[in-house]
1. Could you please find all residues in segment 160-175 being more than 9 Å from A100 (Cβ to Cβ) and within 16 Å of ligand 2 (Cβ to nearest atom)?
2. Taking only pairs six or more apart or across chains, which ones have beta-carbon atoms under 8 Å, a first residue in segment 357-385 that is under 13 Å from S222 (Cβ atoms), and a second residue that is among the aromatic types (F, W, Y) and away from ligand 2 (no atom under 16 Å from the Cβ)?
3. Does I252 qualify as being of a type in the set (A, V, I, L, M, F, W, C), part of a helix (DSSP H, G or I) and either free of Cβ contacts under 8 Å to residues at least 24 places away in the same chain or open to solvent by 50 Å² or more (accessible area, probe 1.4 Å) (or both)?
4. Being over 21 Å from R99 (Cα atoms) and in a helix (DSSP H, G or I) is the filter; apply it to segment 320-349 and report the residue that is farthest from the chain's Cα centre (by Cα).
5. In segment 262-275, what residues are hydrophobic (A, V, I, L, M, F, W, C) and either in a loop (DSSP other than H, G, I, E, B) or in contact (Cβ under 8 Å) with a residue 24 or more places away in the chain (or both)?
6. Between residues in segment 167-190 that are modelled with pLDDT of 95 or more and residues that are of a type in the set (D, E, K, R) and part of a helix (DSSP H, G or I), which pairs lie under 6 Å by C-beta distance while being six or more apart or on different chains?
7. Go over the candidates D403, D372 one by one and state the one that is within 16 Å of ligand 1 (Cβ to nearest atom), touching a Leu at 6+ places or on another chain (Cβ under 9 Å), outside any helix (DSSP H, G or I) and not polar (S, T, N, Q).
8. Return the pairs, sorted by first residue and then second, in which the second residue is open to solvent by 30 Å² or more (accessible area, probe 1.4 Å) and among the acidic types (D, E), the first residue lies in segment 291-302 and is within 12 Å of L329 (Cα to Cα), the beta carbons are less than 6 Å apart, and the residues are 6+ apart or on different chains.
Amino acid sequence: MKQILLLFLILLMSSTVFAQTAELKQIIDERADEIEQEVIDWRRHFHENPELSNREFETAEYIAEYLRGLGLDVETGVAKTGVVALLEGGNPGPVVGLRADMDGLPVTERTDVPFASTATGMYQGKEVGVMHACGHDTHMAILMGVAKILTEMKDDLSGTVKFIFQPAEEGAPEGEEGGGELMVKEGVLENPDVDVIFGLHISDYLPVGTISYRPEGIMASSNTFKIEVKGKQAHGSTPWFGVDPIVTAAQIINNTQTIVSRSMPLTEQAAVVTFGVIEGGVRHNIIPESVSMQGTIRALDEDMRQTIFERLETIVQNTAESNGAEATLTINDGYLITYNDPELTAMMEPTLKEVAGEDNANIINAITGAEDFSFFQREIPGLYFFIGGKAPGREPAGHHTPDFYIDESGMKLGVRAMANLVIDYMDREGDIDGNSTGM
Ligand SMILES: [Zn+2]
Ligand SMILES: [Zn+2]
């Protein structure tokens, strides 16, 4: 009898939790509708006033002021211009991080929207036009909308939400630290410790109303490399008196073509090695002393990434040696693989399908672009996904271009997705905890 009573109690408790979650989710949908115009207005404000990486001063002030107005505990100046706000729910539970990036790009806007940017800024010592040409303006507006809705239901939340507005996703100016990496270094995932983190990116080529995601590597790691080949200068008519760095460089480029084609398990994941710069020589009949090259490495799997590093080093050294030349390879720290924790992705997949509709939330192929959300995911499980921002019938101009255009009606799904992920994670995580202690 006692056992039956206990079972009944548990059922009763879990059904109240469920009812509450369902209720909250319904409120989210209603509120997302009601505040849609407000979210669009915030986005337009950001769009009209873009700032470059690590220079998001006014952007940060605007966000911080808004979040303080909601009554949240707000911290500014995190990783230079980042803003972090904490929302403690009425019930105990996990800490969920939500991240939006804040920076614009050195691009001069060419669209004809009434809120087009005419802003300028300094980039690498030059005055440039500045534009939200990647859609980070929509990410900030979406997260402000989520903050508003979740704050309104604060008492019913079973856990804590950390809103993370991150500067410099596109990369800090040369010589400066910044972005997700610096935020982590400054302890953004601590105090309180964040259990999981969600992030999204709007896309100008995915249709409005859709969500795209993928377990494991969804975006590639990105590492720049530099190769210096040193030979011995000689007259072009007498190469035997010198060591030819041009021939050596050519062989290095050729030999590296086998890294991906012969050493990568290509049915598992993709990888890329690209040379983008080759510099050497000044005159047709002088064999120069040195040649320098630059390129980029992309990988979707950490083991593959490490193998590429090793193979590249071996090829550079041995090819140089076989030519009597010397070579140095420098691989710079770049972005890590944007790696969606498989368990978390599986756990939250039903939420993505529910908010977008079964057919509108789909697994996509991985992308060889990179994202610095990866620095959060190195520390804790994270899920990164895309939402559609492509207007029907409009050809996408492409991110980072002067004609970049986003259909603002796509943002509402972002608000609903993020808020629902929080509610559902708190609910499901509660279930998991309950089960594990029960057994
Ligand atoms: Zn970008
Ligand atoms: Zn971006």
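The values are calculated or read from the model by the stated rules, or taken from the named source; none is laboratory data. For clarity, every value in this text was computed on a predicted model and none was experimentally measured. Positions of Cβ are generated from backbone atoms using ideal geometry, with glycine treated the same way; all protein chains shown enter the neighbour counts. For the accessible areas, the whole protein counts, side chains as well, though only heavy atoms, and no ligand, DNA or RNA atoms are used. Shrake-Rupley method; radii C 1.70, N 1.55, O 1.52, S 1.80 Å.
1. P167, A168, E169, E170, G171, A172
2. S374/Y339
3. no
4. S322
5. M264, L266, A270, A271, V272, V273
6. If the second residue must be of a type in the set (D, E, K, R) and part of a helix (DSSP H, G or I), the pairs left are V184/E379; L189/E379.
7. Within the list D403, D372, the selection yields D372.
8. The qualifying pairs are S292/E228; S292/E279.
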